[in-house]
Every structure is written in C-alpha cells, then in structure tokens.
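Q: Okay, here's the structure, questions in a sec.
The values are calculated or read from the model by the stated rules, or taken from the named source; none is laboratory data. Everything numeric in this text was worked out from a predicted model, so none of it was measured. As a convention, Cβ positions derive from the backbone with ideal geometry for all residues, glycine included, and neighbour counts pool all protein chains shown.
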Amino acid sequence: MLDQIAADPNLRSYYADRRADAGDDQRRGQMLQNAWACFGAPWQTPQQADAVFDAGPAAQRDMVLLSMLLGEIYNGGAGQLVDNYAGTMIPQMRQILLDGGLRQEGAALTTIMALFDTPYPRDTVMRRMQMSRWTADPDWDALTTQLPDTNINELIDQIGKAAGLWPLSP
C-alpha cells in the first residue's frame, strides 16, 4: 500500500493533506493503537501483568498503562479503576504520573493505594475482598476529579514524542 501511495502523486498529496489536518486526538489515538499492539497477551494475575508489560518497550508500556487508567476513569471513575483488573497496575501508573511531573494525579493514586492494607493488593480478588469489608465507600468522585484527562493525555503525548512515536507528521 505504501508503495502505491509513493508512486501516485494524487495519493501522496491526499495523504499529505490528511496528515497535516490530523489533530492531537487523532495522532494520540493512532499512537496508542500502535502501543497497545505491543501488549497483546492476556493477563489476570499481577505476575502475568508484570510479564506482559515488562516484555514490551518502556514508552509504549507507559502510554498503555496511562491509557488503561483513563479508560477506567472514563468508564466509571476511580472506583471502577480499583475494582477492575487495571487496578493491578495502580502502583506502576502512579510512578509514571510522578515521573512525568503530575503530582496531583500521582497523589490521587497514592490516596487510593492507602485505602488498602500495605502492601497494596495488586491481586484483583484480594483487593475486592478488602473492599467488601469497608464500612463506607471512599469519595470516589473527589478522587476521580484529581485525575483530569487533559493532564494525563498531555503526558501520553510527551512520552510518545520523546520516544519518537508521535504519528502522522507532515
């Protein structure tokens, strides 16, 4: 396909215009799609998750973990993040946020981790067992508002650009 585009001036022009018109959301979406392709193996346990994510490139791993974080926040907030398998990776997500200078967001995940016994239960079943013993739910809405997607998306973009992964450049 790329050879066909390169050989045809009309197609080259068409795709050059599309690349130039692509917005950051489109570019980020393409970059994340490519990053997710590095981590196709399923996982359920912390050990499986570590094996999957340790086997891939660091920049793609960090972008995928932040994408997972946002996916859970969009889907149901901080409570959803904790209750689902993505909660297994909260310590790693927290470190990526802190390393990227997102102190408020990192602090929100620190607060979430502090709701549980130490060490934080990365195993989903163990986390859910602890949650079932809580006498009151945390203020998930307040924690969710401390994880704004704009800042996290900007960090995803920074990671991708620093690694030379930002797509669709004109």
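Q: Collect the residues in segment 104-143 that are under 17 Å from the mean Cα position of the chain (by Cα) and charged (D, E, K, R), keeping them in residue-number order.
A: GLU105, ARG122
Q: Given the residues GLN158, GLN80, which is the only one that is surrounded by fewer than 17 Cβ atoms within 10 Å (Cβ to Cβ), under 25 Å from TRP36 (Cβ atoms) and not charged (D, E, K, R)?
A: Result: GLN158 is the single residue among GLN158, GLN80 that is surrounded by fewer than 17 Cβ atoms within 10 Å (Cβ to Cβ), under 25 Å from TRP36 (Cβ atoms) and not charged (D, E, K, R).
Q: Could you check segment 106-137 and list, in sequence order, the residues that are in contact (Cβ under 8 Å) with a residue 60 or more places away in the chain and part of a loop (DSSP other than H, G, I, E, B)?
A: ARG122, ASP123
Q: I'm told TYR14 meets every condition in (1) modelled with pLDDT of 95 or more; (2) aromatic (Phe, Trp, Tyr); (3) surrounded by fewer than 15 Cβ atoms within 10 Å (Cβ to Cβ) except one. Can you identify the failing condition by its number?
A: All conditions are met except number (1).
Q: Quickly run through segment 139-154 and pick out the residues that are farther than 19 Å from ASP99 by Cβ, surrounded by fewer than 17 Cβ atoms within 10 Å (Cβ to Cβ) and either of a type in the set (S, T, N, Q) or free of Cβ contacts under 8 Å to residues at least 24 places away in the same chain (or both).
A: Across segment 139-154, the qualifying residues are ASP139, ALA142, THR145.
This table checks each residue for (1) at pLDDT 95 or above; (2) out of contact with any strand residue (DSSP E or B) (no Cβ under 9 Å at 6 or more places or on another chain); (3) part of a helix (DSSP H, G or I); (4) within 25 Å of GLY164 (Cα to Cα).
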| residue | (1), (2), (3), (4) |
| --- | --- |
| ILE5 | no, yes, yes, yes |
| ARG27 | no, yes, yes, yes |
| MET31 | no, yes, yes, yes |
| PHE39 | no, yes, no, yes |
| VAL64 | yes, yes, yes, yes |
| LEU69 | yes, yes, yes, yes |
| THR88 | yes, yes, yes, no |
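Q: Now for a separate question. Within segment 90-105, can you find the residues that are surrounded by 20 or more Cβ atoms within 10 Å (Cβ to Cβ) and outside any helix (DSSP H, G or I)?
A: LEU102
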